[in-house]
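Peer 1: Before we start, here is the structure in question, set down as structure tokens.
The values are calculated or read from the model by the stated rules, or taken from the named source; none is laboratory data. Keep in mind the model is a prediction, meaning the values are calculated, not measured. Cβ atoms come from the backbone with ideal geometry, glycine included; neighbour counts cover every protein chain shown. Accessible surface areas use protein heavy atoms only, side chains included; no ligands, DNA or RNA. Shrake-Rupley method; radii C 1.70, N 1.55, O 1.52, S 1.80 Å.
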Amino acid sequence: MKYRALIRDCPLGELNTWGSGGRCLWLAAPSSVAEALSLIAEAREEGTRLYLLGGGSNVLVQDGLLSAGVISTSALTSIKLTEAGGAMAAEVEAGLPVRRLLALSMEKNLGGLAFLTGIPGTVGGALHGNAGADGESFAPLVDGIETISRDGALRVWSREELRWSYRASPWSEDPLMITKAWLRLPFDDKDNIIKNIRYFAELKKGQPIGAKTAGCVFKNPPGASAGRLLDNCGCKELAVGGAVISPRHANFIENRGGASSRNIYDLAEICRKRVFERYGITLEYEVKFFGTF
């Protein structure tokens, strides 16, 4: 294989925000859609399982050897802006960090993106999980998304074909990879943009800052807060090995040092069981899993 940043037997601990997990067979960062298509086709011919890695902010990687290849979107970071119809049309590659998109919105006076405040990771990851806050997300801003399916087919999905729901992929069957998206961003007053960013920053004040976490572990169940349910079940500061439930927010697990992915998973399952036993609610994971747990 001849792809940008191809690394064989690649350790993944430093490529995810929990800082845990083992290594994969290889990691490659295609710098174009054509490279990605070629890479996926070659992996299929070899029978190699594939995982897609963006910013690594919502994944748990198994310990030991992950018998799979990993495709990173780190080289797909371009953005093209075109003024159209009183708004800005943005063609954004999936590997662009969301913090850069938010900074650009401030620079160009573009509204609708303040909900990204404090959200880590990449545009592709945020789209795949419909990331958002306080009821706002990418959904109303997306005109189309380009994907590569698991069988290697390139496709563009129109706004009408995407089915958005809370913290969920807009597809009934997930593609392997998002390559780019087309967004329509309204112009806004800079003071209003800053006000909205401050509002969303205030919402995040209760979350752990500077700790090794992967964001919220569980999705909020309908009509409830996962963090509040976990807190009510006495989960704060429970620990397994180096994995500890954050004392600031019970829906965050911190790696306090040396936590294995198994430690993190076992702790999450203890908390999940407590919520089910008390409330009869099975919390659904928001993080994605690389490998077997």
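Peer 1: Based on the mean of other beta carbon atoms within 10 Å per residue, what is the order of 186-197, 83-94, 16-27, most packed first? Present the calculation step by step, with values, prior to reporting the outcome.
Peer 2: Numbers: 186-197: 14.2, 83-94: 16.6, 16-27: 21.6.
In decreasing order of mean packing, 186-197, 83-94, 16-27 become 16-27, 83-94, 186-197.
Peer 1: Helix-only mean residue ellipticity at 222 nm, the chain, DSSP H runs n ≥ 4 weighted -39,500 (n - 2.57), per residue, nearest 500. What is it? Intermediate values should be presented prior to the final figure.
Peer 2: Values: 6 runs with 70 residues, N = 293.
Computed ellipticity for the chain at 222 nm equals -7500 deg cm²/dmol.
Peer 1: Turning to a different aspect of this structure: Using a ≥ b ≥ c from the Cα gyration tensor of the stretch 1-104 (square roots of the eigenvalues), is it rounded, prolate or oblate, where a/c under 1.5 gives rounded and otherwise the larger of a/b and b/c decides, a/b for prolate? All intermediate terms of the calculation are to be shown ahead of the outcome.
Peer 2: Working: a/c = 3.08, a/b = 1.62, b/c = 1.90.
Oblate, since a/c reaches 1.5 and b/c is not below a/b.
Peer 1: Percent relative contact order of the stretch 60-164, based on C-alpha pairs within less than 8 angstrom and at least six residues apart?
Peer 2: Values: 111 pairs, mean separation 16.7, N = 105.
Reported relative contact order: 16 percent.
Peer 1: State to the nearest 20 debye the size of the charge dipole of the stretch 179-229 about its Cα centre, where the only charges are +1 on K and R beta carbons and -1 on D and E beta carbons. Don't skip to the answer; put the middle values down first.
Peer 2: Working: 10 positive and 4 negative charges, 46 e Å.
The dipole of the stretch 179-229 has a size of about 220 debye.
Peer 1: If you roll a 1.4 Å probe over the heavy atoms of the protein chains, what accessible area per residue do you get for the chain, in Å²?
Peer 2: Values: 13640 Å² over 293 residues.
Per residue, the chain has an accessible area of 47 Å².
Peer 1: Which order do Phe290, Phe276 take by accessible area at a 1.4 Å probe, largest first?
Peer 2: Values: Phe290 10, Phe276 110 Å².
Output order, biggest surface exposure first: Phe276, Phe290.
Peer 1: Quick one: with all protein chains in place, what share of the accessible area of the chain is carbon or sulfur, to the nearest percent (1.4 Å probe)?
Peer 2: 49 percent
Peer 1: Hey, got the dipole for the stretch 76-125? About the Cα centre, +1 on K and R Cβ, -1 on D and E Cβ, debye to the nearest 20?
Peer 2: With only Lys, Arg, Asp and Glu charged at Cβ, the dipole is about 120 debye.
Peer 1: Could you sort 156-167, 129-140 so that the peptide with the highest average Cβ count within 10 Å comes first and the rest follow in order? The partial results should precede the final answer.
Peer 2: Numbers: 156-167: 13.1, 129-140: 16.5.
Per-residue Cβ counts within 10 Å, averaged per peptide and sorted highest first, yield 129-140, 156-167.
Peer 1: Another question about this same structure. By per-residue mean of other Cβ atoms within 10 Å, what is the highest-first order of 98-105, 245-252?
Peer 2: Result, highest mean Cβ count within 10 Å first: 245-252, 98-105.
Peer 1: Ok, one more. Just how large is the dipole of the chain about the Cα centre, in debye to the nearest 20, putting +1 at every Lys and Arg Cβ and -1 at every Asp and Glu Cβ?
Peer 2: 640 debye
Peer 1: Next question, about the same structure. Rounded, prolate or oblate, given the Cα gyration tensor of the chain, with a/c below 1.5 counting as rounded?
Peer 2: Values: a/c = 1.79, a/b = 1.11, b/c = 1.62.
Oblate, because a/c is 1.5 or more while a/b does not exceed b/c.
Peer 1: Out of residues 5 or more away from Phe218 or on other chains, whose amide H comes under 5 Å of its own, with H placed 1.01 Å from N in the peptide plane?
Peer 2: It is Glu286, by chain and number.
Peer 1: Please list, by residue number, everything in the stretch 48-69 whose backbone N is under 20 Å from a paramagnetic label point 7 Å out along Cα→Cβ of Phe289.
Peer 2: 49-54, 56-69, by backbone N distance to the label point.
Peer 1: Take every Cα pair under 8 Å in the chain that's 6+ residues apart, average their separations, divide by the length, and report that relative contact order as a whole percent. Don't skip to the end; give the middle numbers.
Peer 2: Details: 618 pairs, mean separation 52.3, N = 293.
Relative contact order comes out at 18 percent.
Peer 1: Go ahead and run the numbers for FRET between Arg198 and Ala239, Cβ-Cβ distance against an R0 of 41 Å, rounding to 0.05.
Peer 2: On the way: r = 34 Å, r/R0 = 0.83.
Working from the Cβ atoms, E equals 0.75.
Peer 1: Same structure again: Whole-Hz Karplus ³J(HN,Hα) for the stretch 112-119, in order, using 6.51 cos²θ - 1.76 cosθ + 1.60 and θ = phi - 60°, x for Gly and Pro?
Peer 2: Rounded to whole hertz, the list is x, 10, 4, 4, 6, 4, x, 8.
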